[in-house]
1. Can you pull out the residues in segment 66-88 that are aromatic (Phe, Trp, Tyr) and within 13 Å of the chain's Cα centre (by Cα)?
2. Which of the residues that make up segment 63-88 are out of contact with any helix residue (DSSP H, G or I) (no Cβ under 9 Å at 6 or more places or on another chain) and polar (S, T, N, Q)?
3. Specify which of the listed residues (54, 63, 13) is surrounded by 16 or more Cβ atoms within 10 Å (Cβ to Cβ), within 9 Å of the chain's Cα centre (by Cα) and either over 15 Å from residue 118 (Cβ atoms) or not hydroxyl-bearing (Ser, Thr, Tyr) (or both).
4. Can you tell me which residue within segment 78-115, out of those that are touching a residue at least 40 places away in the same chain (Cβ under 8 Å) and not hydroxyl-bearing (Ser, Thr, Tyr), is surrounded by the fewest Cβ atoms within 10 Å (Cβ to Cβ)?
5. If residue 121 satisfies every condition in (1) more than 21 Å from residue 7 (Cα to Cα); (2) buried (at least 17 other Cβ atoms within 10 Å of the Cβ) but one, which is the exception?
6. Name the single residue that is surrounded by the fewest Cβ atoms within 10 Å (Cβ to Cβ) among those in segment 66-77 being touching a residue at least 12 places away in the same chain (Cβ under 8 Å) and of a type in the set (A, V, I, L, M).
7. When only residues in segment 23-51 that are among the hydroxyl-bearing types (Ser, Thr, Tyr) and surrounded by fewer than 16 Cβ atoms within 10 Å (Cβ to Cβ) count, which is farthest from the chain's Cα centre (by Cα)?
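Since every read-out is calculated from the coordinates, none of them should be taken as a lab result. Note that the structure is a prediction, hence the values are computed from the model and not measured. Positions of Cβ are backbone-derived with ideal geometry, glycine not excepted, and every protein chain shown enters the neighbour counts.
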Amino acid sequence: MRGKDAGAFILRIFIGVAFLIHGSLKFQGGIGNTAGWFDSIGLPGFLAYIVAVIELAGGVLLILGLGTRVVAFLFAVILLGAVFTVKAQAGFTGNGQSAGYELDLAYLVISVFLLLNGSCLLSLDVMLQKNKTVHYQ
């Protein structure tokens, strides 16, 4: 095991758990409330359902190491949306009334890293690929 593999694994697990929690909170707090909030900031309310499902399911998939690069891409899209539609006006560290985009930017950097590099250590993707047999004709 190399340091890069261990580092990618730690990042994958961390962001997977973080998004799993964020997604589950959207459902626990009432996804209808989240949809209403999306409407109030000028986004279609149905996007709340899509974001919540991606966060919840994507978090589980990252923890398991399934579809890491695809999930990381989806997380990056969500994070870019959050920064530009909600957090940018509060600045990098916030404005005293709302949080800034520094945490979202950190999550974005982790997502881009996983998108570009993947994460093979203790990944079901790798374990499933090892079990595939190639048949040549």
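1. Matches in segment 66-88: 73, 75.
2. To start, the set of residues in segment 63-88 that are out of contact with any helix residue (DSSP H, G or I) (no Cβ under 9 Å at 6 or more places or on another chain) comprises 84-85, 88.
Once the filter is applied, which keeps residues that are out of contact with any helix residue (DSSP H, G or I) (no Cβ under 9 Å at 6 or more places or on another chain) and polar (S, T, N, Q), segment 63-88 yields only 85.
3. Answer to the selection: 54.
4. 112
5. Here residue 121 clears every test but (1).
6. First pass over segment 66-77, keeping only residues touching a residue at least 12 places away in the same chain (Cβ under 8 Å): 66-69, 71-76.
If we keep only those that are of a type in the set (A, V, I, L, M) as well, we get 66, 71-72, 74, 76.
Details: 66: 16, 71: 25, 72: 25, 74: 21, 76: 18.
In this case the residue turns out to be 66.
7. 40
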